[in-house]
1. Could I have the simple spin-label model distance between Asn6 and Arg38, label points 7 Å from Cα toward Cβ, reported in nm to one decimal?
2. Along the charge dipole of the chain, pointing to its positive end and built from +1/-1 on Cβ of Lys, Arg, Asp and Glu, which listed residue (Leu14, Ser33, Gln234) has its Cα farthest out?
3. Work through the residues other than Asp232 whose Cβ is under 15 Å from its Cβ and net out their charges, Lys, Arg +1 and Asp, Glu -1.
4. Could you compute the FRET efficiency for Phe204 and Glu78, with r as their C-beta to C-beta distance and R0 at 30 Å, rounded to 0.05?
5. Quick check on the exposure proxy: order Asp232, Asp66, Asp170 from fewest to most C-beta atoms within 10 angstrom.
6. Add +1 for every Lys or Arg and -1 for every Asp or Glu among the other residues with Cβ under 15 Å from the Cβ of Lys201, and state the total.
7. Put +1 on the Cβ of every Lys and Arg and -1 on every Asp and Glu Cβ in segment 132-193; which of Ala157, Leu183, Leu138 then has its Cα farthest towards the positive end of the dipole?
8. Which order do Leu211, Leu19 fall in if you start with the one that has the fewest other Cβ atoms within 10 Å?
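We did not get these values from a lab; they are worked out from the coordinates using the rules stated. Everything numeric in this text was worked out from a predicted model, so none of it was measured. As a convention, Cβ positions derive from the backbone with ideal geometry for all residues, glycine included, and neighbour counts pool all protein chains shown.
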Amino acid sequence: MLDDDNAREMEAQLTPAVLASFQKNDFNLFTFSQQVGRKHQLSMVGYGLLKIHNVHHLVNPQKFFDFMRAVHNRYSREVAYHNDLHGSQCALQVSQLLNQRGMNGIGLNEYDHLALLVSALCHDIGHDGFTNAFHKNLQTPRFLTFGDVAVQEGYHAATTIFLIEQREYDFFGLPMTRTARRLMKKRILCSILDTDMACSKQLFSDLQSHLEKRGIKDGANFFNFIDRTNSDTQERSKQLISSALLNAADVGACLKPFDLSQ
Ligand SMILES: [Zn+2]
């Protein structure tokens, strides 16, 4: 078992065999967590997925591990489902979806992949095990802070961005421009907000309309998904596919066999 969050030590554990196991349908996160220690599993799955998608060069490794430890500490072990293991499970699902045949033709770049993986890892940070309706009915502090739309998701998104803004956790590497950083944070914020299941119907209706409008059917014209008319249409297209993939992964994470999802 690992002793600390030293990036080099953690990276050394992410051998090609471990990374290959992350991509298998029968990967058992619970066994992996026991092997490396629960406090390390989210960091290691997170950085491992960055390596699999070849976006790890965009981050400062030590700051990324420190950030992931901070995220891990804010996931409650008292919550049976929406905890750090669910964050990892969802990110693993996102990774599998990104690796589906045809997805690399859609035109998402390395920044898009990084934003989506971070969104998945953090999307339920600080979940207290209650529903949005509970917070609304009891007028809890969380409801009074984040309003009656996406109470929990507002909390998860705000907490994630708050952590990224802290100098010690600002994992974005030097090659990233200010514009790219701003877009990354906006994408992460919106993707996490869109994990509110109340948004799912509208989200998938928007996706269906987009597919029809762009002539995408039965896997054909996938390259046409991103509307490159201007920067706004491009970002809207990318946000739409990012939110849809995260939403699908969030739901899909609990559809695995019982011993793999518990
Ligand atoms: Zn979730």
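1. Computed distance between label sites Asn6 and Arg38 equals 2.5 nm.
2. My answer, from the dipole projection, is Gln234.
3. Values: positive: Arg182, Lys186, Arg187, Arg228, Arg236, Lys238; negative: Asp227, Glu235.
Every neighbour counted, the sum reads +4.
4. Values: r = 32 Å, r/R0 = 1.08.
With R0 = 30 Å, the Cβ-Cβ based efficiency is 0.40.
5. In increasing order of surrounding Cβ atoms, one gets Asp232, Asp170, Asp66.
6. Summing Lys/Arg as +1 and Asp/Glu as -1 gives -4.
7. Selected residue: Leu183.
8. Numbers: Leu211 16, Leu19 13.
In order of increasing Cβ crowding within 10 Å: Leu19, Leu211.
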